[in-house]
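All remarks here apply to the structure that follows.
Nothing in this text is a laboratory measurement; each read-out follows from the coordinates by a stated rule. In this text, all values refer to a predicted model and were calculated from it rather than measured experimentally. When we count neighbours, we look across all protein chains shown, and the Cβ atoms used for this are built from the backbone with ideal geometry, even at glycine.
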Amino acid sequence: MIRFGQVSYRVLAAASLAVVPFAQASAAEQGVLWETTAQAELIGMPMKLPAYTGQFCSKETWSKPPETSKDSSENCRTTSFNQTPAKITWTMACDSPPMTGDGEINFNGTDAYTGVMNMNSDQMNMRVNMTGRKIGTCENPE
């Protein structure tokens, strides 16, 4: 015969075992929240385009460059990505319109960065200047 105290203890033990993996999974999904400002200019044109400011949730160690556009119709992809503690570099290609590009970000310590991305197509050449700073933590880093 199982008494109430034994059942409660077993339920509590099972529940605590279920919570431990959940807590570990939540901790693994924490990232760094960056505020990124990007300003594009068309090479050869006298004026710059309006700046874009957004937030980017990254892993502690970056695995891709920061987003400078949320327009999925461009269908852009990173074709190479290299990282050192102080710098990341990458190349990329977009389908619509067809463009290729490269970028570089230099970290200023662990809380800020500056960078540039160059995009080239038959119709235009564009440079995007970027700055970023840590503003907190986030969940589900990209």
Next item on the list: Taking every pair of Cα atoms in the range 31-139, average 1/r, invert it to obtain the Kirkwood radius, and report Rg/Rh to two decimals.
Entry: 0.96
Checklist line | Point-charge dipole on Cβ atoms (K/R +1, D/E -1) for the range 31-139, about Cα centre, debye to 20 | finding: 200 debye
Checklist line | Asp95 paired with Gln83, simple spin-label distance in nm, labels 7 Å along Cα-to-beta-carbon | finding: 2.7 nm
Margin query: As a footprinting exposure proxy, order Thr37, Thr131 by other Cβ within 10 Å, with the fewest listed first.
Written below: Thr37, Thr131
